[in-house]
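To start, the structure under review is shown below, and the notes come after it.
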Amino acid sequence: MAYNGYPKSGLRFYEGVYEMVDDPSSDSIISWSKSNKSFVIRNQQELIRRKMLSRFFCRNLTEFISKLKFSGFKQMNRSSGLWEFGDKNFVRGRPELMVEMHKRVSMARITERCSNQMKAKAQLEEGFQNLSI
């Protein structure tokens, strides 16, 4: 997949999920939803039995779902034993959109980190001002 100069290393997880979902041989286990804007885990046991999650360094479904959420995927639906996840930039036939997904998630993490650092600095400065010598 080509991403116009965007570092591929940041997209490995997204690309792996896309390839797994897009593989027609695994449709009975994991596949695109009817809208093609999300994917459905259809057979959790088979996903684990075939060690399909090992490519993501996950030992179980819980770890995989945590990585999905950490990477910006949202749980869309969970009914009848099926789990559905998606994002507006995870679309069948449009793998290049994953770059935008990665950018958004990365920027949100950076913003949160900066905000936390600024709060800590303000608390530290307040603590210094309250010191009596």
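The values are calculated or read from the model by the stated rules, or taken from the named source; none is laboratory data. This structure is a prediction, so every number in the text was calculated from the model and none was measured. Note: ideal-geometry Cβ built from the backbone for every residue, glycine included; neighbour counts use all protein chains shown.
Numbers at a glance
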{"quantity": "Among (1) assigned to a helix (DSSP H, G or I); (2) surrounded by 13 or more Cβ atoms within 10 Å (Cβ to Cβ); (3) at pLDDT 90 or above - the single one S25 does not satisfy", "calculated": "(2)"}
{"quantity": "Pairs where the first residue, in the stretch 32-49, is touching a residue at least 60 places away in the same chain (Cβ under 8 Å) and more than 22 Å from T62 (Cβ to Cβ) and the second is outside any helix (DSSP H, G or I) and of a type outside the set (D, E), C-beta under 7 Å, 6+ apart", "calculated": "W32/F39; W32/R92"}
